[in-house]
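Here's the structure we're looking at; comments come further down.
The values are calculated or read from the model by the stated rules, or taken from the named source; none is laboratory data. Bear in mind the structure is a predicted one, so any value in this text is a computation, not a measurement. Backbone-built Cβ (ideal geometry, glycine too); neighbour counts: all protein chains shown. What goes into the accessible areas is simple: the full protein's heavy atoms, side chains included, and nothing from ligands, DNA or RNA. Shrake-Rupley method; radii C 1.70, N 1.55, O 1.52, S 1.80 Å.
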Number of protein chains: 2
Amino acid sequence: MEKQTEISQLGEFGLIDRLTEGLQPVNESTVTGVGDDAAQLRYPDTDVLVSTDLLVEGIHFDLTYVPLKHLGYKAAVVNFSDIYAMNGTPRQITVALAISSRFTVEHIEALYSGIRLACEIYGVDLVGGDTTASRSGLVISVTCIGDAPKDKVVKRSGAKDTDLICVSGDLGAAYMGLQLLEREKNVGRGDKDFIPQFDGKEYLIERQLKPEARRDIIRELDKAGIVPTAMMDISDGLSSELLHICKDSNTGCRVYEDRIPIDYQTAIMAEEVNMNLVTAALNGGEDYELLFTAPLHYHEQLSKMEGIKIIGHITKPELGCALVTRDGNEMQLRAQGFNHMAPEAETEAPEA
Amino acid sequence: MEKQTEISQLGEFGLIDRLTEGLQPVNESTVTGVGDDAAQLRYPDTDVLVSTDLLVEGIHFDLTYVPLKHLGYKAAVVNFSDIYAMNGTPRQITVALAISSRFTVEHIEALYSGIRLACEIYGVDLVGGDTTASRSGLVISVTCIGDAPKDKVVKRSGAKDTDLICVSGDLGAAYMGLQLLEREKNVGRGDKDFIPQFDGKEYLIERQLKPEARRDIIRELDKAGIVPTAMMDISDGLSSELLHICKDSNTGCRVYEDRIPIDYQTAIMAEEVNMNLVTAALNGGEDYELLFTAPLHYHEQLSKMEGIKIIGHITKPELGCALVTRDGNEMQLRAQGFNHMAPEAETEAPEA
């Protein structure tokens, strides 16, 4: 076993020094980072974007199958995703941790190595934070600061009648990855030599444990000169996010079942656990794909873009929000996404 | 008993809508607040300051004697204090909450009413956040964004040999307030009709439960044309913060025991609990007063300013950091402040 150091040996400041050693800003806007009362940022002619997230052990992650490095990576990336979803570029993050006594310095270093890797890959500076004790479990709070040219920020509220509805990548895989991890955890319970079976389902595991933010899509759209009218990242599920956009834009929508992008591994897993595939894709959540709307005249351009699928269109508000099924029926869209506020939501399967 | 609503009745989005109802931005820099992937801020010719804090039930607060409204107020104000400590003005906050099932909607509304009151008083906009479940207890993460003219930001690292060391207000009272609350909690344990005795010690209770950020001092200094060379707010204790300034500025310091401002209620309480008064003032923490250094030629001006006390001076680094006691001896300063990372630190008295 590797050397483990009690956190109390270093103290709070010693721990912070160790975790933030050698950090060098990569963004011009980062004037002062870790080590003062506040970070100091400079944005001359742009808008500043701020998003924040709180991750709680036992609610958002289960350390029996989530490696700490992956957890750190994901905690950072899901916040970057929020900034990209405003058509911005993430520039800085602050990380606040509450740590219970069962964690050692090496554990927290592993968590930070994931955060720092994500920062490196996405060109983001870690500029501050807070480290404290917790009575039970690990709590991670990440705040991300980004920027965008004033006229390029994309909100939820800009969708217009006849706009195309598009998503990047594919949906439902992260949720199926969670089902798979939960299943193998239950099968392996009490057997310390148990080796979980993920063969042929690596993609699902990766989507759950190591999601990426779709910076590539934002760049592609920018290159093509397309500014979406509304955009969100899919964290709670396609249905939930679409309803947010339609509510805030005062519109309705139609999405087509046969247009929703689903990976074959997601389909196989849904079959195995006897779950309705479309429901999983609509409500699974944690995909961190981009959902956006764009004017109809971009149809040809968007149809040809790799990694983007047109799944429906915006309508007048009186038409409501519906899924058009393969047989031509309309089903009202409902937000059944991950609801961390509902009792036992984190282990509940969506209704089929 | 007032009506109590289960959080699951509203769901996450319903709860957020309820908590953020009627919020109107007061700062020009707040373009978009709550209700999108990220808040949108605009800072044309200034530096942006960001600070973050995580408060955990059972570590930073005890709900047996801290009313939720006060807790919300304090959680916001201590972050404003960090921005003032950089010589900036707090403009926006984001609030992320993890809430266990024993809290109702009315509880969280009480907490938010304190946050909103603090925002109102200090002219800060609540622009975003996250609300989620927790397995045990309440966790509050606040991130504050502020601004300052580029050439006015004051860091920890600017103190110079011969600079004056100043503090605002008085020290040790918040810590003594905590001792008092803990004592009355223990006395009253198991007796539901117990009425705690705070007569004559209201100031200590107020300092612990409802601290204020020293915006007035920042404004006074600005009006007087004084830009401190280094500044911090006193959250961990005077010794700890002074050592930070001296380390980051590569200096030493001398502070004089008889110059440290202490309220008479603090002195009486220290006597009652048989605690060394100066140790409490040096290491108690949570005062949220400002500690700053300024060039020697401001001596006369600073001496005359209400609420500011000159307690010592900066020295060359080789002289180290010391307290000069009343009898003229020198005691090396050590950081014994609240250390939330040490086991049982939150209930430990500083060494006498």
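Points worth noting:
A quick yes/no check of all residues on (1) among the hydrophobic types (A, V, I, L, M, F, W, C); (2) in contact with a Cys (Cβ under 8 Å, 6 or more places away or on another chain); (3) more than 30 Å from A:LYS152 (Cβ to Cβ):
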{"position": "B:PHE13", "(1), (2), (3)": "yes, no, no"}
{"position": "B:PRO25", "(1), (2), (3)": "no, no, no"}
{"position": "B:THR52", "(1), (2), (3)": "no, yes, no"}
{"position": "B:LEU55", "(1), (2), (3)": "yes, no, yes"}
{"position": "B:ALA85", "(1), (2), (3)": "yes, no, yes"}
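- Those residues of region B:283-299 which are open to solvent by 10 Å² or more (accessible area, probe 1.4 Å) and in contact with a strand residue (DSSP E or B) (Cβ under 9 Å, 6 or more places away or on another chain), in sequence order: B:TYR288, B:PRO295, B:LEU296, B:TYR298, B:HIS299
- Matching option when the condition is open to solvent by 10 Å² or more (accessible area, probe 1.4 Å) and more than 20 Å from A:ILE140 (Cβ to Cβ), among A:ASP82, A:ASP36: A:ASP36
- Residue identified as assigned to a loop (DSSP other than H, G, I, E, B) and either over 16 Å from A:TYR65 (Cα atoms) or more than 14 Å from chain B (Cβ to nearest Cβ) (or both) among A:ASP199, A:ASP130: A:ASP199
- Residue check for A:ASP47: in contact with a Lys or Arg (Cβ under 6 Å, 6 or more places away or on another chain) and within 20 Å of B:VAL153 (Cβ to Cβ): no
- Residue check, A:THR30 touching a residue at least 60 places away in the same chain (Cβ under 8 Å), buried (at least 20 other Cβ atoms within 10 Å of the Cβ) and in contact with a Pro (Cβ under 9 Å, 6 or more places away or on another chain): no
- Within region A:90-138, considering residues that are more than 19 Å from A:LEU54 (Cβ to Cβ) and among the β-branched types (Val, Ile, Thr), the one surrounded by the fewest Cβ atoms within 10 Å (Cβ to Cβ): A:ILE121
- Taken together, the residues in region A:251-286 that are modelled with pLDDT under 95, within 22 Å of the chain's Cα centre (by Cα) and among the charged types (D, E, K, R) amount to 1.
- Exclusive hit being surrounded by fewer than 18 Cβ atoms within 10 Å (Cβ to Cβ) and at pLDDT below 95, set B:LYS201, B:LYS192: B:LYS192
- Of all residues in region A:330-352 being open to solvent by 60 Å² or more (accessible area, probe 1.4 Å) and either touching a strand residue (DSSP E or B) at 6+ places or on another chain (Cβ under 9 Å) or of a type in the set (D, E, K, R) (or both), the one that is modelled with the lowest pLDDT: A:GLU348
- Per-region count, region B:205-263, residues within 20 Å of B:ALA159 (Cα to Cα), among the acidic types (Asp, Glu) and touching a helix residue (DSSP H, G or I) at 6+ places or on another chain (Cβ under 7 Å): 2
- For region A:2-80, the strands (runs of 3 or more DSSP E) that sit wholly inside it and include 3 or more residues that are at the interface with another protein chain (Cβ under 8 Å from one of its Cβ atoms) are A:39-42, A:46-56.
- Within the option set B:ILE145, B:ILE165, being more than 8 Å from every other protein chain (Cβ to nearest Cβ) and part of a strand (DSSP E or B) holds for one residue only, B:ILE165.
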